[in-house]
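Worksheet: the structure to be examined is printed underneath.
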Amino acid sequence: MISLLNILPECEADTRVVNIIMEIKQSVRHRGGINEVVEPLKNQKSFLFNDSALAIVDEDKLPNNKRKSNYPNYFLEFVDIKSTERLSLKKHKIKAHYLIEIKPAIEVWLLNEAIAVNVNPTEYNLSANLKELIIETKKKEIERNEDFTRFIKALKRNNAPSITLLKEWIDAFRNNQINNIN
């Protein structure tokens with residue numbers, strides 16, 4: 001089984017969502033932004049326990065559907081394996097590096113997942129207003145926010161489609177089965 005430390009989520013909210021849906025106490029290796037995710041991949045940093053790695057980032061496109069200027073060129077070396085409206089799974093052309101893009105940003109993604117399974121964030125003391133939710137998820141304290149934890153668990157319990165798929169893809173990566181996804 002591949003180590004959780006080879007999973008590299010982009011931000012606090014991404015990290016917290018992964019930890020909750022995977023029901024793990026040991027955290028995946030949180031990174032401080034998209035460039036912090038790509039750094040160990042490009043340079044094969046020694047903290048990766050083998051050559052495999054799974055990056056998890058928000059798609060973060062501009063309104064005109066163009067990529068933001070900070071989108072790492074390294075991610076342009078990845079090819080699509082599978083894509084849905086809300087998630088994309090990609091693989092590096094040469095290395096055993098995988099990329100899951102959450103579409104669009106995680107806060108919109110979570111609100112869309114909540115709508116899909118009729119879970120109201122306000123029942124978990126979270127705002128259903130995008131701008132307010134963004135403020136909450138950008139706080140470092142999100143990792144200890146019990147309301148956020150209960151909200152994500154409710155999405156998982158209610159089989160929110162992209163939450164379920166994200167878990168399946170992470171499980172496949174950890175069990176060396178990710179190449180079997182089609």
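The values are calculated or read from the model by the stated rules, or taken from the named source; none is laboratory data. Predicted model only: the values in this text are computed from it and were never measured. Cβ sites come from the backbone with ideal geometry, for glycine too, and all protein chains shown count toward neighbours.
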Selection from the range 36-59 of residues that are within 25 Å of VAL108 (Cβ to Cβ) and either of a type outside the set (Gly, Ala, Ser) or modelled with pLDDT under 80 (or both): GLU36, VAL37, VAL38, LEU54, ILE56, VAL57, ASP58, GLU59
Any chance LEU111 is farther than 30 Å from SER52 by Cα and within 15 Å of the chain's Cα centre (by Cα): yes
Among (1) closer than 19 Å to ILE7 by Cα; (2) modelled with pLDDT of 90 or more; (3) surrounded by fewer than 17 Cβ atoms within 10 Å (Cβ to Cβ), the one test that LEU130 misses: (1)
Qualifying residue in the range 141-154 (condition: at pLDDT 95 or above, part of a loop (DSSP other than H, G, I, E, B), under 19 Å from LEU87 (Cα atoms) and within 19 Å of the chain's Cα centre (by Cα)): no
Residue that is surrounded by the fewest Cβ atoms within 10 Å (Cβ to Cβ), among those in the range 67-120 that are within 20 Å of ARG174 (Cα to Cα) and small (Gly, Ala, Ser): SER83
Scope the range 118-140; condition of a type outside the set (Val, Ile, Thr), in a helix (DSSP H, G or I) and in contact (Cβ under 8 Å) with a residue 40 or more places away in the chain; matching residues: LYS140
Residue match in the range 102-117 (condition: within 25 Å of GLU23 (Cβ to Cβ), free of Cβ contacts under 8 Å to residues at least 12 places away in the same chain and not in a strand (DSSP E or B)): yes
Residue satisfying condition, being β-branched (Val, Ile, Thr), in contact with a helix residue (DSSP H, G or I) (Cβ under 6 Å, 6 or more places away or on another chain) and either closer than 21 Å to GLU12 by Cα or surrounded by fewer than 19 Cβ atoms within 10 Å (Cβ to Cβ) (or both), within set ILE152, ILE170, ILE178: ILE152
Number of positions in the range 67-97 that are assigned to a loop (DSSP other than H, G, I, E, B) and within 16 Å of GLU10 (Cα to Cα): 4
Test: residue in the range 141-156 that is under 28 Å from ASN182 (Cα atoms), of a type in the set (A, V, I, L, M) and in contact with a Lys or Arg (Cβ under 9 Å, 6 or more places away or on another chain): yes
Residue, surrounded by the most Cβ atoms within 10 Å (Cβ to Cβ), within the range 1-16, restricted to residues that are β-branched (Val, Ile, Thr) and modelled with pLDDT under 85: ILE7
Total residues in the range 115-154, condition hydrophobic (A, V, I, L, M, F, W, C) and farther than 17 Å from ASP58 by Cβ: 8
